[in-house]
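This report concerns only the one structure given below.
The values are calculated or read from the model by the stated rules, or taken from the named source; none is laboratory data. None of the values given here were measured: they were computed from a predicted structure. Cβ placement follows ideal geometry from the backbone for every residue including glycine, while neighbour counts extend to all protein chains displayed.
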Amino acid sequence: MSEISKLEQNLIIKKIDKETANISITNNETLMAIVGQFDQNLKNLSRLTSTEVYFRGNSITCKGEKEKLSIFCEAIKFLINKYLLTNIIEKEDIVLAVKKNLEIDESNVKSFKQLIKTPKKSVIARSAKQSEYIKALKENDIILALGPAGTGKSFLAVSVAITLLMEKKIDRVILSRPAVEAGEKLGFLPGDMKEKVDPYLRPLYDALYELFGAEKIDKKIESGEIEIAPLAFMRGRTLKNCFAILDEAQNATETQIKMFLTRIGENSKLVVNGDPSQVDLIIKSNSGLIKSKNILKDIKEIKLIEFDHNDVIRHPLVSKIIRAYQNKSTDDKN
């Protein structure tokens, strides 16, 4: 029996009429995960669906408009499926569960098919675009991913890369970024090369530690199975049996991105990620990300993924902030 079919063993929707939905979750462990600590998940669902929610024993009662009740019930189904597959319900899952029109049956099953299992947590696609991106990371040799912060470009790429390493399908993972300050001058940095470069690569470390644990990752860095290096160190190399990620590629020039992509060797994948709206180069027009996208867009073996604010999976305000700045940029041009 598949994991998703276990939903039927955990959930009973007794009745939905024009004002009330009665739901029973038969498994106590699943029930407590859905309800959340201090009923916080139910409170968030109630707020997001504009319904009144009551919880007693194994039963959840939801009151509101019939359309809202339907969304609430579908959200509960999604969360149960998510918990059965990953053993965790995260704050972001609550927002995702009630997002927009909730075409649950098709889109959620598609998301679950792109499940990435790591030692510390399992990751699912949180949007159709993320599902497409994970599929590309698994099937294509070169992937260009463009879009705003918070869309999972780096996190998902690192997830797939380290999973392939753990499965021994590749020998090494290489994580690289251009060493460019984000609008601030850091000055002279003491220490060896690793200590000088680490501040620029902190977001990649964060993703690694969250998914696999600091001790395990540090051992693989020491052994050379995971290599973290500035982009300049890629010149002259041929990357074989590895998964290489160039992060923050909006701060790389066209020549640097070309150099990185032409390092590809046998049994390797290369990923180029970046946000064209956050160029930190002194001369912003030197950014090669958009230029490279336009140059390479007709090569069918290279997969292009373009995210937008609808794919942001951080705090809901992030999407609104991105949209506000985009609108300002449009107004300024007019």
Among (1) modelled with pLDDT under 70; (2) buried (at least 16 other Cβ atoms within 10 Å of the Cβ) - the single one Ile13 does not satisfy: (2)
Whichever residue in the stretch 213-272 is acidic (Asp, Glu) and surrounded by 14 or more Cβ atoms within 10 Å (Cβ to Cβ) and, among such residues, is farthest from Ser159 (Cα to Cα): Glu254
Matching residues in the stretch 43-61 - criterion: being closer than 13 Å to Ile76 by Cα and touching a Cys at 6+ places or on another chain (Cβ under 9 Å): Leu45, Ser46, Thr49, Val53
Residue identified as β-branched (Val, Ile, Thr) and either without any contact (Cβ under 8 Å) to a residue 24 or more places away in the chain or farther than 22 Å from Ala136 by Cα (or both) among Ile282, Ile245, Ile305, Ile264: Ile282
Any hit, the stretch 251-265, residues being over 28 Å from Ile282 (Cα atoms) and in the same structural domain as Leu144 (by TED's automatic domain parsing): yes
Residue that is modelled with the highest pLDDT [pool: residues in the stretch 303-331 that are surrounded by 15 or more Cβ atoms within 10 Å (Cβ to Cβ), assigned to a helix (DSSP H, G or I) and out of contact with any Ser or Thr (no Cβ under 9 Å at 6 or more places or on another chain)]: Ile321
